[in-house]
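Everything on this sheet refers to the single structure shown next.
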Amino acid sequence: MRLPRTLILGGGLFAVFLAAALVSFLWTPFDVEILNIPSKLQKPNAVFWLGSDHLGRDILSMLMVGARTSIAVAIVAVGIGIGLGLPLGLWAAANHGSWLDEVIMRGNDLVFAFPSLVIAILITAVFGPSALNAIIAIGIFNIPVFARISRGAALSIWTLDYILAARVAGKNAVRISVEHILPNIANLLIVQGTIQFSLGILAEAALSYVGLGAQPPTPSWGRMLADSQTMISFAPHLALFPGLAIVFTVLGLNLMGDGLRDILDPKIRRSRR
Amino acid sequence: MSLLSVKNLNLSIHGVPILKGLDFEVQPGEVFGIVGESGSGKSMTALAAMGLLPEGAVASGTAHLEGIDLLSTPEAQMCGLRGNRIAMIFQEPMTALNPVKTIGDQVAETLVIHGRASKAEALKIAREKLDRVGLPAARFPLDRYPHELSGGQRQRVVIAQAIALRPQLLIADEPTTALDVTTQAQILKLLKSLVNEEGMALILITHDLAVVSDIADHVAVMKLGEIVETGTTVDIFRNMQHPYTKQLFAASSHVPERVADAKDAPILEVVNAVRTYAMPREKLFRKPPRFKAVNDVSFTLFQGENLGLVGESGCGKSTLTRAILGLDALDSGQIRLFGQSVTPAMPNTLRAGVQVVFQDPYGSFNPRWKVERLVAEPFHLMVEKPADSRARVAEALDSVGMKPADMGKYIHEFSGGQRQRIAIARALILRPDLIVLDEAVSALDVSIRAQILDLLADLSDRLNLSYLFISHDLSVVRAITDRVLVMKAGQIVESGDTEDVFTNPQHAYTRELLAATPRLPDNAVA
C-alpha cells in the first residue's frame, strides 16, 4: 500500500522532534542548567548552532530539552483524555437513551462550555504552576473530546447485526464494547489522538508562556518565547527558533493525523480511489 | 425507429472487463426488462447510458438516443440530457432524496436546473407531478420533508422527480427491491401506467424474473456482463433457450426437498405477548403515548417444525424476534422455551437453545475478526470454551459447505452467499434446537438463495432443527415452511398450514399480500 504524502511529511517532521527529545536524555550540546554569561546573546555560529540566550544558554540544547517537556505533557494529557473519555463514551453508547447517557453527555457539554485555556490558567493559578498541574488541566479538556467521538462512533456500530449476534451469544455490554466496538472505532481514536496531541503541545506552550507551565530551570518552548519577548528587536533568533519548533511540531502532527485518516478511514479511502 | 439503440457496448473498469459486446434496442413506449444477478453488469449498463460511470471506467461502442451517441457526448451536454430526456430512478428511496429539502423543492429542482420554468411555475408543475404519482395535495403538501414519508411514498417522489420533464426514457434500477410486496405492486402499477399514458420508454433493471414477467414487453437476461438471451417477454418465458435463463427460472421457483416431521412436543410457546414503545411526547408533562409493536401475539412452535412468520415492514416481526431471542423484555405475556421463561436475564444454558441468522450478510460479522473466532462466538454461552473448539468450528463450517481452511480468513474475503453460510455455521455451533431465520435469504441472489434454502432444508432434516422463518417474501416462505403465521400491525391475523393459507387465504390482508406478490407465468417452460 502506498502511504499518503501527508503522512510521510507529517510523520517525518514529528519524528525529528521526537528524536531530539529522546537524544536530549543522553546528550545535549551544552548543559541547559549552567549559565554562561560571557557568551550571552550570540548569533547562530559554529559553537552555538542556533545561538545563545541572555544567560548564555545554548538555544539548541534548550529546544531539545523543551521538546521533552512538550511531548511528555501532550502524551499524558492525551492519555488522560483517552483513558477517561473513551470508557465514558463507550458506557454512554451502551446505555443509549438512558439517564446515564444523558448525565455523561451533559457533563461533557458542561466541560466543553468552559474556555479550556482560561480554566487551565485558573487550575494552575490555584494549585500552583507546575508541569504536572498543566498536564492535568490540559488532560481534563481532552476527556469530553474523546467521550463524544467514541460515543458517536460506537452508536453507529451498536445498530449492526453482529452486535445482536454477540448479544444472542450472551455477551454483556462491557464485553461487547471491548471485543466488538473498540477495535472498530480505534482508527477514529488514533486520528483524533494525533490532533489532540498537537493541541496539547500548543496548550502547554501557551501555559508556560504565561509562566504557568514547567518551572525554571526546566526549559520549555513557551517560556523561551516569553523570555525573548523584550529582546526581540536585537536578538530575533531567540524568538524565531522556539516559534518554529512549535509551528513545525503542530504542523507535523496535523499532517500526520490527515494522513492516518486517509489510511484508516475506509470511507475516505474508497472515495479517493 | 428505436428510441435507444445500444451497439457493441464494452466497458472495463481499471482494466477489468465489466460489459462485453452488449446489443439491445428500446422502442418508444415500451418496458424493457434487464434481468440478472449481482455482478451481471445490469446497473453498469444503466450508468453507461446515463453517462454516470465511475472513475476508471472506459466504455466503447455506441448508445444512440435518437441519433445522439450518449457515450461520446461531453459531460456538459450530458447534463442537459439527464433529467430532461433520460431520467433515472434508484433502488434506495431512503437515500435518493435529500433529507433537508422539501419534496416540492426536490421535484421542482429538475425543472429549474434545465431552465424550463421559473421557481413558481416549477412548484406548480411539481404539484401536478406529485398528484400524478399518487401523492395528493391534501395529504402531501409540497413542504413535506422526506422523513415524513414512508418508503413507498418516497419512491413516488423519486418517480415524480424523474418524470418532471417528461423524459423519453426512464431507467429504473431495482426500483422496488427495498419495498414491501404490496407497495411494490403499487409502484409497478404506477410505472406501467406512466409508460402507457405518457408514452415514455422504461428500462426496468431487476433481479426478479417475476417482476419482469409481469410488466415488461421485452426482456434481456444478463450474466457476467453479457446478454445471454433476449426477446419478447412472452417468447422468453414460453421458450427459454439459454441454460442460464432456465437456471434462473428454476432457482426463482425453487422448492427444496425436505421431510416434514414435526413432533407433538412444543419447543417455543408465545403466550399473549405484548411489547410497546414510547412515542414522542405530545405535551411536556404528560406521559408519552405508547405504540403497541406486538399486540397480544400467541403461537406455539413444535419440535422439528418449520414455522413461517410473514409480514411487511413495521408489522412488529422484528420486535417479536428480539423478544424471542431474549434481547428485549415483554410488557406483558410470556415466552417459554422448553417450558422455561425467556427474558433478557435468562440463563446462558437456555439461551444456547436458540440461535439466529440475520438478513444482511455484510453487517452480521465483525470485520476485524477471523472466521474461526466469529463462528466460535456462541461458545461464550458455555461455562468454559470447549477444548475441541477448533474442531467443532471446522465441523460447523463443513456442514454448511465451507472449507475448514476458511477459518483463517477475514469476512471481507467472502461473497454474500458464503457469508450467509458462515452465519448459519455460527448459529449451528452450539447445536441448538431452534434457529430464528430473520429474512435470512432476502438479500441473496436467486440462485444463491436456492442453494441456501436447500442447505437449510437439509440441515433441518439431518439435525432435527426447528426454524422460525421470518420473511416478507411469500414464495420463499411457501417453499420452506410447514405452517405459517401472517402478521399485521402487531397482531397475527391468520395462521395455518402453509399450503392451506396460500391456496385458500381467509383474511383480507393475506389475500392482499398474495395478490401483490409478483408471479411467474404459469405456462412458462424451462
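The values are calculated or read from the model by the stated rules, or taken from the named source; none is laboratory data. Computed from a prediction, not measured in an experiment: that's the story for all the values here. Note: ideal-geometry Cβ built from the backbone for every residue, glycine included; neighbour counts use all protein chains shown.
Data for the structure
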item: Failed criterion for B:I335 (all others in (1) surrounded by 21 or more Cβ atoms within 10 Å (Cβ to Cβ); (2) within 9 Å of another protein chain (Cβ to nearest Cβ); (3) not in a loop (DSSP other than H, G, I, E, B) hold); result: (2)
item: Leading residue by the ranking (farthest from the other protein chains (Cβ to nearest Cβ)) among those in segment B:23-76 that are in contact (Cβ under 8 Å) with a residue 40 or more places away in the chain and of a type in the set (D, E, K, R); result: B:E30
item: Residue under evaluation B:S341, criteria (1) at the interface with another protein chain (Cβ under 8 Å from one of its Cβ atoms); (2) over 29 Å from the mean Cα position of the chain (by Cα), criterion not met; result: (1)
item: Residue in segment A:228-246 that is within 14 Å of chain B (Cβ to nearest Cβ), of a type in the set (A, V, I, L, M), surrounded by 19 or more Cβ atoms within 10 Å (Cβ to Cβ) and outside any helix (DSSP H, G or I) present; result: no
item: Matching residues, segment A:64-77, being in contact with a Leu (Cβ under 9 Å, 6 or more places away or on another chain), under 16 Å from A:W27 (Cβ atoms) and buried (at least 24 other Cβ atoms within 10 Å of the Cβ); result: A:A67
item: Segment B:1-52, residues that are in a strand (DSSP E or B), touching a helix residue (DSSP H, G or I) at 6+ places or on another chain (Cβ under 9 Å) and more than 26 Å from B:V446 (Cβ to Cβ); result: B:L4
item: Count of residues meeting criterion [out of contact with any Leu (no Cβ under 9 Å at 6 or more places or on another chain) and either facing chain A (nearest Cβ under 7 Å) or closer than 22 Å to B:D458 by Cα (or both)] in segment B:380-391; result: 2
item: Number of the exception - A:A120 against (1) within 25 Å of A:L207 (Cβ to Cβ); (2) among the small types (G, A, S); (3) within 14 Å of chain B (Cβ to nearest Cβ); result: (3)
item: Qualifying positions in segment A:158-180 - more than 7 Å from chain B (Cβ to nearest Cβ) and touching a Leu at 6+ places or on another chain (Cβ under 6 Å); result: A:S177
item: Any hit, segment B:321-329, residues being assigned to a strand (DSSP E or B), surrounded by 22 or more Cβ atoms within 10 Å (Cβ to Cβ), within 14 Å of chain A (Cβ to nearest Cβ) and within 28 Å of the chain's Cα centre (by Cα); result: no
item: Residue list for segment B:364-379, restricted to those being at the interface with chain A (Cβ under 7 Å from one of its Cβ atoms) and surrounded by 18 or more Cβ atoms within 10 Å (Cβ to Cβ); result: B:S364, B:F365, B:N366, B:E377, B:P378
item: Set B:K287, B:K292: member being more than 14 Å from chain A (Cβ to nearest Cβ), out of contact with any helix residue (DSSP H, G or I) (no Cβ under 8 Å at 6 or more places or on another chain) and not in a strand (DSSP E or B); result: B:K287
item: Test result for B:Q359, over 19 Å from B:K409 (Cα atoms) and more than 9 Å from every other protein chain (Cβ to nearest Cβ); result: no
item: Check on A:L225, touching a helix residue (DSSP H, G or I) at 6+ places or on another chain (Cβ under 7 Å), closer than 23 Å to A:L3 by Cβ and either surrounded by fewer than 19 Cβ atoms within 10 Å (Cβ to Cβ) or without any contact (Cβ under 8 Å) to a residue 40 or more places away in the chain (or both); result: no
item: Boolean, A:A93 is part of a helix (DSSP H, G or I) and touching a Leu at 6+ places or on another chain (Cβ under 6 Å); result: yes
item: Those helices (runs of 4 or more DSSP H) lying entirely in segment B:85-158 with at least 2 residues surrounded by fewer than 17 Cβ atoms within 10 Å (Cβ to Cβ) and of a type in the set (D, E); result: B:119-132
item: Residues satisfying the stated conditions in segment A:1-57, i.e. crowded, with 16+ Cβ neighbours inside 10 Å and β-branched (V, I, T); result: A:T6, A:T28, A:V32
item: Neighbours by Cβ (under 9 Å, 6+ apart or cross-chain): first from segment B:252-265, farther than 22 Å from B:I448 by Cα; second of a type in the set (F, W, Y); result: B:A262/B:F302; B:K263/B:F302; B:D264/B:F302; B:A265/B:F302
item: Helices (runs of 4 or more DSSP H) fully within segment A:104-203 counting 3 or more residues that are modelled with pLDDT of 90 or more and aliphatic (A, V, I, L, M); result: A:131-158, A:161-168, A:173-176
